[in-house]
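The values are calculated or read from the model by the stated rules, or taken from the named source; none is laboratory data. Quick caveat, the model's predicted, so the values are computed rather than measured. As a convention, Cβ positions derive from the backbone with ideal geometry for all residues, glycine included, and neighbour counts pool all protein chains shown. When the accessible area is computed, the model is the full protein with side chains, heavy atoms only, and any ligands, DNA or RNA have been set aside. Shrake-Rupley method; radii C 1.70, N 1.55, O 1.52, S 1.80 Å.
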Amino acid sequence: MASDQIVDQVQSLNDIVEVISAYVPLRRAGRSFKATCPFHQEKTPSFMVNPDKQIFHCFGCGVGGDVFSFLMKYERMTFPEALKRLAERVHVPVPEFKHSSPEERSQTERLYQVYSAANEFYRRNLKDLELGKPARAYLAKRSFGESEMDIFHLGFAIPEWSHLYEFLSKKGFGEQELLRSGLIVRSAQARTYDLFRGRVMFPIFNSQGKVIAFGGRVFGDETPKYLNSPETPIFRKRKELYALHLAKRAIPTTGEARRILIVEGYLDCIRLHANGFQNAVATLGTSLTPEHVQMLKRYADEATVIFDGDKAGEQASLRGLDLFLEEGMGVRVLCLPKGFDPDDMVRVKGKEAMAELIGQSQDFFDFKLQVLLGRYNKSDSLGLLKITSEFLDTFSKIKSPVLVDRYLRKLAVTLGVQENSLRSELNKLRAKLSGLKSARSEPRPLAAELRKAEPPLEKLLLGLVLHYPPYLRMFQEVFPEYSFSGEKTREIFNLCHQMIQEYGERELSPSKLLNRIKNEESKTFACRLLMIEWSSGTDREQAFQDVLRGLRGQERAGRLKTLRHQIVQAEEAGNQELVLKYMKTYQELLSKSDSH
Ligand SMILES: [Zn+2]
């Protein structure tokens, strides 16, 4: 991983105002800049960029962070991607990840080049008036037009043995790298030839928009109907989704409509895009994997999985659906009528009919229930047991307790069993699972969720420390043993403490601090505190004194409460001596609080 120094350096060279204004027009407003927020819909600007602190924050939707967070959110990049982009912008070399040697890196780079050149070549074939004729006729027959060909970079591999091979060789690619790409293969007789011949070509792009593989389809009924290029260092089937590079741009970054459609075939996916469903992606001949779902989660909150009419209800599809719930993503299911795939549906019945079907898609729970009721008989006890155990298995993986509650109630009603008995079965199952797995993956209980709320006084204190680090020392002098009850507050406060030891309290800047916070949620939290403004040093000092007084008051209230409890206990035990002792302390504490 990149060292903290490099992160600090890249950050200090990239002025947040310059970077953001390349995406969003900023207007000066006092010491800050403002704009209408790119992350939510609004008419009056509440998106602020602060050049002093090098942070941004939206008072409307609450997003915020530093220059890295902005790129991560706007361009939907990971932290390493954002770091790389910003480093390039200011010409700072960033050391690559250690596990790839320079040689491996250049091999990967060459693979991308082979695929990109092949893509251009296949596209040219398709557009060629003579060569491309049969493929264009096929696409026209399936009613795909020019714009689909362009948007999806469709191409054509003509039915010859070494058309691509000769082209790429002339371009200067060596035989070894061509064989490594899988687009050129070698027979047992050591003859070298093209993998794809006489097929319409569908390039597969990664989410960054680089060609990493191809799917090829024959025109007629020859087999195999579809052929995919093999897995390579740049292409892993279980990680990639067709058209994700397009779909991710179609899904809004915030709000209600963060939904993605998942279909099975390229043609289905292209047909949906061409008819206004630009949020569609396709799996590449595999069932959904955890890697797919983790990636989708970056762009969408809910997925609608569309099954062809004759495929629904397979065991494999149910497994795929559970994955979404495990990752905390909503999932709905649409089973098309018998004999229809999404392509047929849109072509034959029209896009309105498709939109209506998507609107009527089933909640995951109803779908699973329907499948299981079809498979087992709920009126015999063995069938009932099968159904409940399959559901409890799923519930044990759902992270949201609210959702589990709702589903449990529904299941009890449908099966005509006691909700309590289902719940106790579920608890048993969870206990068993958490015994098997580490505590890491255990669902978070509701109480812990509530405890996450950060107490206001602690928050304000942290805000003051972020603005003026010497407050940290001053606070610790008054409260040497203080233990924070807010999780994020504690985390960031400890980090400040640690960094002051390292840099000294005069040298700790907000951006250095933000660079060390790895968790985006905590970073947003810190930025929100950094957006607080005090009109003068005196005002700020006043606020600090208020916080100290408030915390002292809280501490005193806590001690008084404990003492009242101790007095009652001593009375019950009949220990008069102890009662008097506690009473005296109580009185002392009370009179002290008056003088303050
Ligand atoms: Zn906003």
message = So, in region 32-89, exactly how many residues are within 19 Å of Ala22 (Cβ to Cβ), without any contact (Cβ under 8 Å) to a residue 40 or more places away in the chain, away from the ligand (no atom under 11 Å from the Cβ) and not in a helix (DSSP H, G or I)?
response = 7
task = Determine whether region 532-541 contains at least one residue that is within 30 Å of Phe68 (Cβ to Cβ) and of a type in the set (A, V, I, L, M, F, W, C).
result = yes
ask   = Which pairs do you get when a residue that is surrounded by 14 or more Cβ atoms within 10 Å (Cβ to Cβ), found in region 11-25, comes within reach of a residue that is of a type in the set (S, T, N, Q), reach meaning Cβ atoms under 6 angstrom, with the pair 6+ apart or on two chains?
value = Gln11/Ser511; Gln11/Asn515; Ile16/Gln54
task = Taking the residues in region 29-59 that are open to solvent by 30 Å² or more (accessible area, probe 1.4 Å) and β-branched (Val, Ile, Thr) as candidates, determine which candidate is nearest to Asn14 (Cα to Cα).
result = Thr36
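For the condition under 13 Å from Glu326 (Cα atoms), outside any helix (DSSP H, G or I) and among the charged types (D, E, K, R), what is the one hit in Lys378, Lys399? Spell out how you get there, then give the answer.
Working: Lys378 fails: under 13 Å from Glu326 (Cα atoms).
Going through Lys378, Lys399 in turn, just one is under 13 Å from Glu326 (Cα atoms), outside any helix (DSSP H, G or I) and among the charged types (D, E, K, R): Lys399.
Of all residues in region 246-263, count the ones that are not basic (Lys, Arg) and not in a loop (DSSP other than H, G, I, E, B).
Taking region 246-263 first, the residues not basic (Lys, Arg) are 246-247, 250-257, 260-263.
Then drop every residue that is not not in a loop (DSSP other than H, G, I, E, B), which leaves 246-247, 250, 260-263.
The qualifying residues number 7.
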request  = Among the numbered conditions (1) open to solvent by 70 Å² or more (accessible area, probe 1.4 Å); (2) outside any helix (DSSP H, G or I); (3) not β-branched (Val, Ile, Thr), tell me where Glu505 comes up short.
outcome  = (1)
ask   = If you take the residues in region 252-290 that are modelled with pLDDT of 85 or more and of a type in the set (Asp, Glu), which one is surrounded by the fewest Cβ atoms within 10 Å (Cβ to Cβ)?
value = Glu264
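Let's see how each residue does on (1) without any contact (Cβ under 8 Å) to a residue 12 or more places away in the chain; (2) under 19 Å from Asp150 (Cα atoms):
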{"position": "Glu166", "(1), (2)": "yes, no"}
{"position": "Lys170", "(1), (2)": "yes, no"}
{"position": "Phe173", "(1), (2)": "no, no"}
{"position": "Arg180", "(1), (2)": "no, no"}
{"position": "Asp194", "(1), (2)": "no, no"}
{"position": "Gly209", "(1), (2)": "no, yes"}
{"position": "Pro224", "(1), (2)": "yes, no"}
{"position": "Arg238", "(1), (2)": "no, no"}
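Starting from residues that are of a type in the set (D, E, K, R) and at pLDDT 85 or above, keep the ones in region 323-338 and report whichever is farthest from Pro401 (Cα to Cα). Write out each step before concluding.
Filtering region 323-338 for residues of a type in the set (D, E, K, R) gives 326-327, 332, 338.
Still in the running and at pLDDT 85 or above: 332, 338.
Numbers: Arg332: 19, Lys338: 36 Å.
Here the answer is Lys338.
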message = Suppose we filter region 198-224 for residues that are open to solvent by 50 Å² or more (accessible area, probe 1.4 Å) and either at pLDDT 95 or above or within 35 Å of the chain's Cα centre (by Cα) (or both); how many remain?
response = 2
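To keep it simple, each residue is scored yes or no on (1) at pLDDT below 85; (2) acidic (Asp, Glu); (3) assigned by TED's automatic domain parsing to the domain that holds Phe59; (4) open to solvent by 70 Å² or more (accessible area, probe 1.4 Å).
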residue: Glu520; (1), (2), (3), (4): yes, yes, no, no
residue: Arg556; (1), (2), (3), (4): yes, no, no, no
residue: Arg564; (1), (2), (3), (4): no, no, no, yes
residue: Lys581; (1), (2), (3), (4): no, no, no, yes
residue: Ser595; (1), (2), (3), (4): yes, no, no, yes
query = Of all residues in region 404-434 being touching a residue at least 40 places away in the same chain (Cβ under 8 Å) and within 13 Å of Ile387 (Cα to Cα), which is most open to solvent (accessible area, probe 1.4 Å)?
reply = Thr414
remark   = Per the filter on region 225-245, residues in a strand (DSSP E or B) and open to solvent by less than 10 Å² (accessible area, probe 1.4 Å) are Thr232, Phe235, Tyr242
